[in-house]
Amino acid sequence: MVTTTITVNERQCQKIGEILGKLKFRHSFFERPYITFSAEPEMKVRCYLLSLAICHQTHTLISRTKNLKGWEVLEDVFMRLTQENSDMINMQALAAMSVTELTERLRPLFADDGDLKHCTLDRLEERSRFLIDIAEQLVKSYDGSLMKLVEQSDGFVTRLYALLDRFEAYKDPMRKKATCFIKFSVEAKLFTVKDPENILPIMDYHMQRVLLRTGCVEINDQDLKQKLQGRETLTSDEEIRQACVDATRLLAIYSGYPIANMNDFLWPL
């Protein structure tokens, strides 16, 4: 991909992809509790869908007592809710809650001492609306069963993407949350993909930084480069994100690994 402002450096993608192709995952990497914890398939997919629904801009989220930060806290909280069979995982009960009620139920879960004033998860009302919307949609169309929705895709991610689009939290043209949901469901052996070539890369600003800093994606426009380096707010990062998606596809091709694994390699950097 070449534009007047952004270039995907295919040669650099090839070099890095070939390095990634020589790396191996530890078996224990796929045995973390969030993937392997014991629960019925319906409950596990609910855990994944709901935790991912509120997973955006969680830089304030922290649990000092458990030494967890950001997404790790969400994993911990929603695993516990699932294992406790909480009504916050029950779709009928969740659909009947008001935004105010769910907000107040969520607040102590993200405070180490249970004190509502110490909650480290922000934008709780917005996140609560996301969860209630999912529950309402599932109750209305699938008797509250997420597995019924998943099974309707018949293993095709293109169909599952379209089905997840009905949820407000998953309306993203880059489908980051939807791809994460598919990835976790596959790793937990709850979903088998029939069209892996249609899986989209998981793309967020962390991944974009890595791809820019490693030279896989190059910024040709000096004004744009200065804005990025100065951390200025852009009107849109769509062109950069698309270039990063293209670069990630090349990394997957040259590494020989599935495209979803690119996130496992690059995000920790």
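The values are calculated or read from the model by the stated rules, or taken from the named source; none is laboratory data. Everything numeric here is computed off the predicted structure, so don't read it as measured data. For neighbour counting, all protein chains shown are included, and Cβ atoms are generated from backbone atoms with ideal geometry for every residue, glycine included. Ligands, DNA and RNA are stripped out before the accessible areas are found, and what is left, the full protein with its side chains, is counted by its heavy atoms. Shrake-Rupley method; radii C 1.70, N 1.55, O 1.52, S 1.80 Å.
Here the accessible area of region 199-254 is 46 percent carbon and sulfur, with a 1.4 angstrom probe and all protein chains present.
Model label sites at Asp165 and Trp267, defined 7 Å from Cα along the beta-carbon direction, differ in position by 2.4 nm. Give Lys66/Lys140; Lys22/Lys176; Lys66/Lys148 a once-over and call out the pairs whose C-alpha atoms are over 29 Å from each other. Long pairs (Cα-Cα over 29 Å): Lys66/Lys140; Lys66/Lys148.
In this label model, Ser86 and Asp223 are separated by 4.8 nm, measuring between points 7 Å along each Cα→Cβ vector. The stretch between Ser28 and Glu238 holds 72.0 nm of extra length on full extension. This uses 0.36 nm per residue minus the Cα-Cα distance.
Summing Cβ point charges (Lys, Arg +1; Asp, Glu -1) relative to the Cα centre of region 1-142 gives a dipole of roughly 680 debye.
Peptide packing: for 180-190, 4-14, the average count of neighbouring Cβ atoms within 10 Å per residue gives the ranking 180-190, 4-14, highest mean first.
Overall shape: oblate for region 103-256, with the ratio a/c of the largest to smallest alpha carbon gyration tensor axis at 1.5 or above and b/c at least equal to a/b.
I need the peptides 200-213, 239-252, 218-231, 58-71 ranked by packing, meaning the mean over residues of other C-beta atoms within 10 angstrom, with the highest value on top.
239-252, 200-213, 58-71, 218-231
Partners of Lys225 within straight-line reach, counting lysines whose Cα lies under 18 Å from its Cα and excluding those fewer than 8 residues away in the same chain: none found.
Calculated FRET efficiency, Lys140 and Thr4, Cβ-Cβ r, R0 41 Å, to nearest 0.05?
Between Lys140 and Thr4 the formula returns 0.30.
Each of Asn220, Ser38, Thr60 was placed along the dipole of the chain (beta-carbon charges, centred on the mean Cα), and the one lying farthest toward the positive end is Asn220. Near the amide H of Ile6, within less than 5 Å, lie the amide hydrogens of Asn220, all on another chain or at least 5 residues away, with H placed in the peptide plane.
Averaged over its residues, the chain has an accessible area of 51 Å² per residue, based on protein heavy atoms and a 1.4 Å probe.
When the solvent-accessible area of region 31-185 is split by element, carbon and sulfur atoms take up 49 percent of it, the probe being 1.4 Å. Would you list which aspartates and glutamates come within 12 Å of Lys183, measuring only between C-alpha atoms, while excluding same-chain residues fewer than 8 positions from it? Within the straight-line cut-off, Lys183 pairs with Asp264.
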